[in-house]
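Remarks on the structure that follows.
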Amino acid sequence: MRPAQFIALFLFAATMSLASCARPARLSHRAASPTGAGAVACAEAAATDAGLEILRSGGSAADAAVAVALALAVVHPQAGNLGGGGFAVVKNGGAVTTLDFRETAPRAATHDMFLDPDGKVIPEASLVGGLAAGVPGSPAGLFELHHRHGFLPWRAIVQPAIRLARDGFTVSQRLHDAVEWETDLLTRFPETAAVWLPEGKPPEPGTVMRLPELAATLAAYAERGPEAIMSGSAVASASRDHGGVLTTADLSDYRPVWREPLRFRAFGWEVASMRLPSSGGFILAQSLGMLEHLGWDRLPREGVDRLHLLAEVWRRAYSDRFLLGDPARMPTDVSRLLGLEWIAARAAGIDRARATPSAQVHPWSGSEAGEAAATVHLSVADGAGEMVALTSTLNGWFGCGVYVKGAGFLLNNEMDDFVVSPGRPNLFGLVQGEANSVAPEARMLSSMSPTIAWRGSESIALGSRGGSRIPTSTMQVLLDLIVDGDSLRAAVDRPRIHHQWLPDQITAERGALDDTTRAALEMRGHTIREDEEIGEVNVVRRLSGGELEAAADARGPGAAGLTNQ
Ligand code: GLY
């Protein structure tokens, strides 16, 4: 163990619970007025355009991020949302903060609500229909992000989304494919099918789609803010009509939370990411800490050694994820799991020549060390130095399938991110612990990892979609940029791997491993499974001279743009 090697990794904050409820007086974090310059990367070109339009009009990065998120709720309805929730990291000059607008469990939620009287899991109950939906966080969260960091009037920010819903947008191949893929889910709910399966078929790519109910909801949101969505009875009625328990009180009482970012150093860079209830920042901090301790940056870039260590550090970090949950209900002192002592002990247990079977890797016990993935990530920078990384989700494509009649949007199925039954993997195969059990008003554990890293005047905002693969996708692009000095394009394009403790396997993108590397990993005891794609990372970067760059992941149809293009 060589402590000096990893002294660079330290946490600025001692606890995982530093938080303040939203609705403060407007605070000015703005160091300079927006300049009209900026960069946007997200999952759909029409939403990127919405962000660029706001930046050109003198909006801040936060203004543009909110406009992009709302545009995604229209043109990318399988993941973009008003009926879901998310997280955002905002950096302006030296000030970094994070906003948690994760969904909460309804007040009527109970520990065993997804079990039948015999203690068996009720099939699909946490994934399909009203019971699967948490209280949406996006309406209040996006408004709050603008309230604190916005520059232009709120109404102006919502306009691009209203226009897209009212006047129409072009159906993408991906939207067509998502509707086709989820036809069974969508046809279970007549109101949903009426919109998304007109004439019983998915909308054709290239056709223009209008969403008048959503346009009206967005217009009311532009006038009255979140109250327009959260104080009515439409969401509670939709939930009740389909077996759910959301009440008007659950909705009107929902509050996003400003939290101190999870800050650490890695490979000479400062990093700020999400605290609990997202595990994303935790996994980044712990696994980057182990890599630095192991001298990962000094290993050859190609070949088996780096890949082996990535799998081994993720195996351990995802094992500790088992202990995590809503910070308000955490029995474990999570700061210890990110302390140098535990990171060093974990790293010391890694055999450089042999995979450790996951059955032998246990979460911290207190005695040691004294793709579905209907998520969407957007990154924005403005010309005055502000950056936003924002990840938002419905959980599965089209969430729980329930369409809010009259309001034009779908509800999430985020309740499946809780532990529905001990030992049962969730939608993403994650095995989670009691700290993440269902409880009234609790926030379910997430993997979303919006992240901003900086060194001197250079800074990077990034994140991904991909459920449990979000932290590992985000981390690989970050490593390519900060350790290997890749261009944004090369970093985003580079094939990825993933490991999440259980199941005990490396998932590798097809073509990510040549035969020799694959055989070498297998020789070390790894099981390898191939998959089409891992994550979808959208990233913007400010270079030390102030120039901006943006890249959208070619694994999706996303688009990146700069205002001067
Ligand atoms: N629903 C996926 C996540 O929050 O990690």
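A compact table of results
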| read-out | value |
| --- | --- |
| Dipole magnitude of the chain, debye to nearest 20 (Cβ charges: Lys/Arg +1, Asp/Glu -1, about Cα centre) | 1240 |
| Stokes-Einstein D in µm²/s, Kirkwood radius over Cα pairs - the stretch 40-130 at 25 °C with 0.890 mPa s viscosity | 154 |
| HN-Hα J in Hz across the stretch 254-263 - Karplus 6.51, -1.76, 1.60, θ = phi - 60°, x for Gly and Pro | 5, 9, x, 10, 7, 10, 4, x, 7, 10 |
| Farthest positive-ward along the chain dipole, Cα basis, beta-carbon charges - from Trp196, Ala384, Val477 | Ala384 |
| Euclidean distance between Cα centres, the stretch 486-565 to the stretch 192-240, Å | 34 |
| Volume of the Cα convex hull of the stretch 93-132, divided per residue and given in Å³ | 121 |
| Two-decimal Rg to Rh for the stretch 254-318 - Kirkwood Rh, Cα set | 1.08 |
| Carbon plus sulfur fraction of accessible area for the stretch 60-163, probe 1.4 Å, in percent | 60 |
| The stretch 213-313, dipole about Cα centre (Lys/Arg Cβ +1, Asp/Glu Cβ -1), debye to the nearest 20 | 260 |
| Computed magnitude of the charge dipole of the stretch 277-363 (debye, nearest 20; Cβ of K, R +1, Cβ of D, E -1) | 120 |
| Accessible surface, the stretch 133-226, averaged per residue in Å² (probe 1.4 Å) | 42 |
| q = 0.15 Å⁻¹: log10 I(q)/I(0) that the Debye formula gives for the stretch 157-302, counting C-alpha atoms only | -1.00 |
| Unit Cα scatterers, Debye sum, the chain: log10 I(q)/I(0) for q = 0.09, 0.10, 0.11 Å⁻¹ | -0.60, -0.75, -0.92 |
| Rounded, prolate or oblate (a/c below 1.5 giving rounded, otherwise prolate when a/b exceeds b/c) for the stretch 372-467 by Cα gyration tensor | oblate |
| Interatomic Cα distance distribution for the stretch 134-241, bins of 10 angstrom, percent | 13, 35, 37, 15, 1 |
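The values are calculated or read from the model by the stated rules, or taken from the named source; none is laboratory data. It should be emphasised that the depicted structure is a prediction, and the values quoted were computed from it without experimental measurement. FYI the Cβ positions are ideal-geometry reconstructions off the backbone, even for glycines, and counts take in every protein chain you see. Side chains are part of the model used for accessible areas, which takes the heavy atoms of the whole protein and leaves out ligands, DNA and RNA. Shrake-Rupley method; radii C 1.70, N 1.55, O 1.52, S 1.80 Å.
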